[in-house]
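Reading through the structure tokens given below for one structure.
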Amino acid sequence: MKKTMYEKIWDSHFVVEATGQAPLLYVDRHLMHEVTSPQAFEGLRIANRKVRNPHSILATMDHCVPTKNRDLPIADPIAKKQIETMADNCQENGLNLYDMKNPNNGVIHIVVPEHGFVHPGMIVVCGDSHTATHGAFGALAFGIGTSEVEHVMATQTLPQKKSKNLLIQIDGELSKYATAKDIALAITGKIGTAGGTGFVIEYAGEAITKLSMEGRMTLCNMAIEAGARAGLVAPDQKTFDYLEGREFAPKGDNWNKALTYWKSLPSDEGAKFDAIITLDAADIEPQVTWGTSPEQVTGITNIIPAPEDFDDEIKRQACKDALKYMGLTAHTKITDIPVDLVFIGSCTNGRIEDFRIAADIAKGTKVADNVTAIAVPGSYHVKKQAEEEGLDKIFLDAGWEWRDPGCSMCLAMNGDELTVGQRSASTSNRNFEGRQGKGGRTHLVSPAMAAAAATAGHFVDIRNL
Amino acid sequence: MEAYKKHQSIAALMRRSNVDTDQIIPKQFLKKVERSGFGKHLFHDWRFNEDGSDNSEFELNNPKFKGAKILVVGDNFGCGSSREHAPWAIEDYGFNTIISTSYADIFYNNCFKNSILPIVATKKQLVSLMDEVAANEGVSFTVDLENQELITPAGNGFKFDVDAFRKDNLIKGLDDIGLTLEQTDYIDQYEEKHKQSFPWLWT
Ligand code: SF4
């Protein structure tokens, strides 16, 4: 029978299906951060259970960590306790933790690929919705809740229901400065934030194979914004080249064995998908969200819609609410929206490629008056690499702040946040009400678009620069 | 986990769609390392004014909805972050049933781990329920999970679908981990095979 990549991974991880219960799948890798794990460890302790495979876990601290003055104690006592709890839990259970002071520290979904911890064909989970990122390697990677974190620690398995398979085929060539982020936003705009619910998406086509590994990570990262359980890209030579030589990548004889297996993973020619969507890459403009849901998005040359532009009553109401919250008027040109703060970072766009493209645009410019611009590398490794390439100088000369790694303004838990009414151009993944600070207004964009907005003080079509 | 029983309760109404987990429980409350006590922060940013007083315009502050165990709400409820703090807050506040047309995947799973039944209605069914609550605030619905049936005074009830294993675990209040541990022999066997097939993962 011809199988999709998802079906192959499912079948190879199937453990048992007990009567009256859901199929159990085996979990290869378990990623962890400080926010969604403490209650799971507590649960284990109460039930007197042990972590089954400590070596399958890699943990970091990212959500609550400060991105400046790291040498000082954490000011927020509750955050401090959470960080300390993480360290204690990892020590007690013998887990590999990249704590705040560790040179490998950074945002979980940036750090894990850097060390080659995820391989094609694996099942990977994390108490974090953006686990989908690792689908870029052809691994089935999805977010779970804290009860499930506990479940995986205790049993190395998860009861799962099979998802449907959605193929998103994107052929053609992206225009200059249209990036993986723009593909991700354009897809969410097209199918909506619930469009992928119940599905695992496989991204395929010329525009996808041409993306770098970083680009594929950005794309899969936002599969969850389209409601999907996971995103997948077939592994190819780029994937193998990326992995080779990294700390947790197979070595020697095992490398060849792994390679043979990995090459068997892509969906069989003619395998059946439950749904197929096609897009032409050439049609994808740089995107900007205008509302409070990632599906409220449009191209840079467009105008903000009005509630009347929607047929669906709920969408009409959502548009009305969003415009009110965002302090925007219908039919304003996207390029006329001013920004107060620019944030480049997060597990969506905090990789070296993102800082390269942003630095390319920021080079020799100055951040506009009244605009604050901050660059937050996704990890210490990204930071170091960028500094070796002199990117930090470019940002600093242009008036940007250059920070230590962390989730930072992606969810504003660590003190980096918008104030009421402040408007951001942000390379993160969610523009929900209050996501970047109570009353803060978020516009999601690519790093190139964010850098250009920092200089201009409003959104601009980077293709015209 | 608490067993889910047939009950008759007040249904509260929120006519909002795409309610995300950032709204259900804002991030400032995620720093706690305990599992309990999140109910007082449920929908915090909508529920309270700047000065901490109740925002009288927020749906759940309607006195008629006091004590509600059923939440009737718009499409795609619980989207966004995977935080289980969201169902913890919902359950701790007092809800044990949600009715919507769709839920985000992770949130849906999380509900069953916390004795919450997320009922999936069709668009038409949801609209009728919403209208019934709006016309008669404080109305009580009956939820019969055993028979997979919702019953309302105005007759807008319906039969709903739920996976057999999830239903069973909810009704019996079973602990998922305990159930899986009964399969330990199979997990051990699988793991042996895994070591043979993927030796590079075990070095
Ligand atoms: S960067 Fe943002 S989306 Fe990514 S893990 Fe951190 S908080 Fe979550």
*Does A:Asp392 satisfy the condition of being more than 15 Å from the ligand (Cβ to nearest atom), within 17 Å of A:Ala453 (Cα to Cα), away from chain B (no Cβ under 14 Å) and surrounded by fewer than 24 Cβ atoms within 10 Å (Cβ to Cβ)?*
no
* Hey, A:Leu97 touching a Cys at 6+ places or on another chain (Cβ under 6 Å), more than 9 Å from chain B (Cβ to nearest Cβ) and at negative phi or not -> yes
Scanning the stretch A:107-137 residue by residue, those within 10 Å of the ligand (Cβ to nearest atom) and within 15 Å of A:Arg351 (Cβ to Cβ) turn out to be A:Val107, A:Ile108, A:His109, A:Ile110, A:His130, A:Thr133
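Being more than 12 Å from chain B (Cβ to nearest Cβ) and either modelled with pLDDT under 95 or more than 20 Å from A:Asp283 (Cα to Cα) (or both) is true for just one of A:Ser175, A:Ser163. Which residue is that? Spell out the reasoning first.
Values: A:Ser163 fails: more than 12 Å from chain B (Cβ to nearest Cβ).
From the options A:Ser175, A:Ser163, the qualifying one is A:Ser175.
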Of the listed residues (A:Glu114, A:Glu92), the one being open to solvent by 10 Å² or more (accessible area, probe 1.4 Å), under 17 Å from the mean Cα position of the chain (by Cα) and at pLDDT 95 or above is A:Glu114
Filtering helices (runs of 4 or more DSSP H) wholly in the stretch B:38-150 for at least 1 residues that are in contact (Cβ under 8 Å) with a residue 40 or more places away in the chain and closer than 29 Å to A:Ser147 by Cβ gives B:85-93, B:105-112, B:123-135
| message | Take the conditions more than 14 Å from every other protein chain (Cβ to nearest Cβ), under 29 Å from B:Lys32 (Cβ atoms) and more than 16 Å from the ligand (Cβ to nearest atom) and apply them to A:Gln385. Does it pass? | response | no
Within the stretch A:413-430, residues within 12 Å of the ligand (Cβ to nearest atom) and either open to solvent by 10 Å² or more (accessible area, probe 1.4 Å) or at pLDDT 95 or above (or both) come out as A:Asn414, A:Asp416, A:Ser426, A:Thr427, A:Ser428, A:Asn429, A:Arg430
Subset of the stretch A:132-153, residues assigned to a helix (DSSP H, G or I), more than 9 Å from chain B (Cβ to nearest Cβ) and among the small types (Gly, Ala, Ser), comes to A:Ala132, A:Gly135, A:Ala136
Per the filter on the stretch A:435-465, residues away from the ligand (no atom under 14 Å from the Cβ) and part of a loop (DSSP other than H, G, I, E, B) are A:Lys438, A:Gly439, A:Gly440, A:Val445, A:Ser446, A:Gly457, A:Phe459, A:Val460, A:Asp461, A:Leu465
Expected output for the stretch A:331-350 (first residue closer than 16 Å to A:Val371 by Cβ, partner open to solvent by 10 Å² or more (accessible area, probe 1.4 Å) and of a type in the set (D, E, K, R), Cβ below 6 Å, 6+ apart or cross-chain) is A:Val339/A:Arg423; A:Asp340/A:Arg423
Considering the stretch B:164-183, residues that are more than 7 Å from chain A (Cβ to nearest Cβ), in a helix (DSSP H, G or I) and open to solvent by less than 40 Å² (accessible area, probe 1.4 Å), and then whichever is farthest from B:Leu117 (Cα to Cα), we arrive at B:Gly178
Exactly one of A:Leu232, A:Leu259, A:Leu279 is of a type in the set (A, V, I, L, M), in contact with a Phe, Trp or Tyr (Cβ under 8 Å, 6 or more places away or on another chain) and in a strand (DSSP E or B), and that residue is A:Leu232
Pairing a residue in the stretch A:236-251 that is within 20 Å of A:Asp28 (Cα to Cα) with any residue that is of a type in the set (A, V, I, L, M) and assigned to a loop (DSSP other than H, G, I, E, B), where Cβ atoms lie under 7 Å and the two sit 6 or more apart in sequence or on different chains, gives A:Leu243/A:Ala249
Exactly one of A:Leu232, A:Leu219 is within 16 Å of the ligand (Cβ to nearest atom) and within 30 Å of A:Gly189 (Cα to Cα), and that residue is A:Leu219
So, first residue surrounded by 18 or more Cβ atoms within 10 Å (Cβ to Cβ) in the stretch A:264-277, second residue of a type in the set (Val, Ile, Thr), Cβ within less than 6 Å, six or more apart or across chains; the pairs are A:Ser267/A:Thr4; A:Ala271/A:Thr4
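For the stretch A:114-127, which positions are on the phi < 0 side of the Ramachandran plot, assigned to a loop (DSSP other than H, G, I, E, B) and within 13 Å of chain B (Cβ to nearest Cβ)?
A:Phe117, A:Val118, A:His119, A:Pro120, A:Met122, A:Gly127
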Practice item. Please work out if A:Pro23 is within 25 Å of the chain's Cα centre (by Cα), open to solvent by 10 Å² or more (accessible area, probe 1.4 Å) and touching a residue at least 60 places away in the same chain (Cβ under 8 Å). Key: no
Of (1) modelled with pLDDT under 95; (2) within 13 Å of another protein chain (Cβ to nearest Cβ), B:Glu2 fails just (2)
Inside the stretch B:184-196, the number of residues satisfying the requirement of being at the interface with chain A (Cβ under 7 Å from one of its Cβ atoms) and either not in a helix (DSSP H, G or I) or not β-branched (Val, Ile, Thr) (or both) is 3
Determine, yes or no, whether B:Arg35 is in contact with a strand residue (DSSP E or B) (Cβ under 9 Å, 6 or more places away or on another chain), in contact (Cβ under 8 Å) with a residue 24 or more places away in the chain, open to solvent by 50 Å² or more (accessible area, probe 1.4 Å) and within 12 Å of chain A (Cβ to nearest Cβ).
-> no
Within the stretch A:95-111, the residues that are open to solvent by 10 Å² or more (accessible area, probe 1.4 Å) and assigned to a loop (DSSP other than H, G, I, E, B) are A:Leu95, A:Asp99, A:Met100, A:Lys101, A:Asn102, A:Pro103, A:Asn104
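So, A:Tyr242, is that one within 14 Å of another protein chain (Cβ to nearest Cβ) and open to solvent by 30 Å² or more (accessible area, probe 1.4 Å) or not?
Spelling it out, it is not the case that A:Tyr242 is within 14 Å of another protein chain (Cβ to nearest Cβ) and open to solvent by 30 Å² or more (accessible area, probe 1.4 Å).
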Subset of the stretch A:1-20, residues assigned to a loop (DSSP other than H, G, I, E, B) and open to solvent by 20 Å² or more (accessible area, probe 1.4 Å), comes to A:Met1, A:Lys2, A:Lys3, A:Glu17, A:Ala18, A:Thr19, A:Gly20
The correct count of residues that are open to solvent by less than 20 Å² (accessible area, probe 1.4 Å), more than 16 Å from the ligand (Cβ to nearest atom) and modelled with pLDDT of 90 or more in the stretch A:60-89 is 1
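The values are calculated or read from the model by the stated rules, or taken from the named source; none is laboratory data. Treat the numbers as computed from the prediction; the structure is a model and nothing was measured. Using ideal geometry, Cβ is built from the backbone for each residue, glycine included, and neighbour counts are taken over all protein chains shown. Surface accessibility is based on the protein's heavy atoms, side chains included, excluding ligands, DNA and RNA. Shrake-Rupley method; radii C 1.70, N 1.55, O 1.52, S 1.80 Å.
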